Amino acid sequence: MSNRRIYLDNNATTPTDPRVVETMLPYFTNMYGNAASRNHPYGWEAEEGVDYAREQIAQLIGADPKEIIFTSGATESDNLAIKGVFEMYARKGNHIITLTTEHKAVLDACQKVEKKGGSVTYLDVKGDGLVDLAELEAAITDKTIMISIMFANNETGVIQPMKEIGEICQKHGVLFMSDITQAAGKIPVDVKELGIHLAAFTAHKMYGPKGVGALFVNRKGPRVKVTAQLDGGGHERGMRSGTLNVPGIVGFGKAAKLCREEMAQDAQRLSQLRDKLQTGLMASLEEVVINGNEEHRMPHVTNMSFKHVEGEGLMMTFNQNIALSSGSACTSASLEPSYVLKALGLGDDLAHSSLRFSLGRFTTEEDIDDAIKAVADGVNHMRSLSPIWEMYKEGIDLESIEWSEH
Ligand SMILES: *Cc1c(COP(=O)(O)O)cnc(C)c1O
């Protein structure tokens, strides 16, 4: 393989589409006005750019432009939704339900809510990563104000039954918040049809720039409000103060428009490449498993464990050429197995032996061919050095071994 670099980590961030960059540029140089300046053309031009972007972004998710609040990204949108609803609806109740497999932006905001007197139920998922709907409904109490469940998981690509969750929320008069970051722009998302009341997403996961995101806040039936988390100026209908990031928002809008126009063909092409990658690896290697539900899954993602191989070490064999993520997260001092994979019931070793492949708009068939070869070579190399693998091949039951303590 050449020294070409291959990017298969699109769930971490996507490259900015050159067409997006081109649309943004004039807003740095000529049209640099503040969108809140009401009395000269600089302000008007900026506001026009923002308005058009707002329409494109709203259209992508089936919302009204007035329901889009611009933020700095999905982390801020998740925080604004969770803390903002908790504060706004304090008189109605203090209970929020979420999943253990949510993004840290949701989980950490929920922990903060608990410190402020809230009560949060963290539901476990089934072995395939899906929420248990009966358990979800049973967790609702007369104090429940909101259910927060992500559309698609960032590590496994597993898609939750959004319509059914929306119906449960509707039936019990509970707000439905969703982190739609990984789904928006990749598969159809219609917040009205799904009964979603708040939705957090970000430009840099859909070929837009980093540092700009949005929170959808439903305006009618019910009219939802969130308490602002930043004070000053009262921009964005009072829910998020601060001068708008005009070039970023314009880029986000262009990215949303391109996604709406191209998502069907991108998804079809990428699912074929993803399947090719999966089939290729499973044909050339033994003891490979796919993590998470394969049917309810994003078309461009696969999370695979290569048994008896440590993922971080495996990645070192090819990470000069191929960029992807392992199922280990670096915390302060140690390498922790992914909490998402552990919630699916994977043991520490299987979680540590996993790799997440996330394809994107600019992934080519050649990328996939080269990745199959590099990963298969890496796994074979690691296993050839591994006494555990040798024991496995000799038919020794690894579960039965009593390792000596020292
Ligand atoms: C990336 C991501 C976020 C964080 O988005 P930022 O814009 O980087 O703050 C939140 N939720 C999910 C599911 C993500 O994948």
As straight-line cross-link partners of Lys373, the qualifying lysines (C-alpha separation under 25 Å, not fewer than 8 residues apart within one chain) are Lys276, Lys307, Lys393
Span from the the stretch 1-65 Cα centroid across to the the stretch 240-284 one, whole angstrom: 15
With +1 on each Lys and Arg Cβ and -1 on each Asp and Glu Cβ, and nothing else charged, work out how big the dipole of the chain is about its Cα centre, in Debye to the nearest 20. 1880
Rank Leu270, Tyr339, Gly253 by how far each Cα sits towards the positive end of the charge dipole of the chain (+1 on Lys, Arg Cβ; -1 on Asp, Glu Cβ) and give me just the farthest. Gly253
Quick one: net charge of Ala200's neighbours, Cβ under 10 Å, K/R +1, D/E -1? -3
For the stretch 18-258, what size does the Cα cloud have along each of its three principal axes, sorted from largest down, in whole Å? 56, 36, 29
Dipole of the stretch 18-258, positive direction: furthest Cα of Gly166, Phe28, Pro18, with charges on the beta-carbon: Phe28
Charge tally for neighbours of Leu359 with beta carbon under 14 Å away, counting Lys, Arg as +1 and Asp, Glu as -1, is 0
Exposure proxy check on His197, His235: fewest-to-most Cβ neighbours within 10 Å is His235, His197
Given Cβ charges of +1 for Lys and Arg and -1 for Asp and Glu, the option among Met315, Ser119, Thr243 whose Cα lies farthest towards the positive end of the dipole of the chain is Thr243
For the chain, percent of DSSP beta bridges that are antiparallel (nearest 5) comes out at 55
Set Lys126/Lys220; Lys83/Lys104; Lys112/Lys220; Lys171/Lys225; Lys66/Lys115 screened for pairs whose C-alpha atoms are more than 23 Å apart: Lys126/Lys220; Lys112/Lys220; Lys66/Lys115
Could you go through the stretch 292-297 in sequence order and give the Karplus-derived ³J(HN,Hα) for each residue, using 6.51 cos²θ - 1.76 cosθ + 1.60 with θ = phi - 60°, rounded to whole Hz, and x for Gly and Pro? x, 4, 7, 7, 8, 8
Counting sequence-distant residues (5 or more places) and residues on other chains, those with an amide H built under 5 Å from that of Val224 are Asn218, Arg219
With charges only on Cβ, +1 for K and R and -1 for D and E, what is the dipole size of the stretch 18-258 about its Cα centre, in debye, rounded to 20? 520
Mind checking the dipole of the stretch 36-149: about its Cα centre, +1 per Lys or Arg Cβ, -1 per Asp or Glu Cβ, Debye to the nearest 20? 560
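State whether the chain is rounded, prolate or oblate according to the following rule on the C-alpha gyration tensor (a ≥ b ≥ c being the square roots of its eigenvalues): a/c under 1.5 gives rounded; otherwise a/b larger than b/c gives prolate, and the remaining case gives oblate.
It is oblate, given that a/c is not under 1.5 and a/b is not larger than b/c.
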By the scheme Lys and Arg +1, Asp and Glu -1, what is the net charge of all other residues having a beta-carbon under 14 Å from that of Ile168? -3
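Coordinate-derived values only; no laboratory data. Note that this is a predicted model, so its numbers are computed, not measured. A quick note on method: Cβ atoms are made from the backbone with ideal geometry, for glycine too, and the neighbour counts reach across all protein chains shown.
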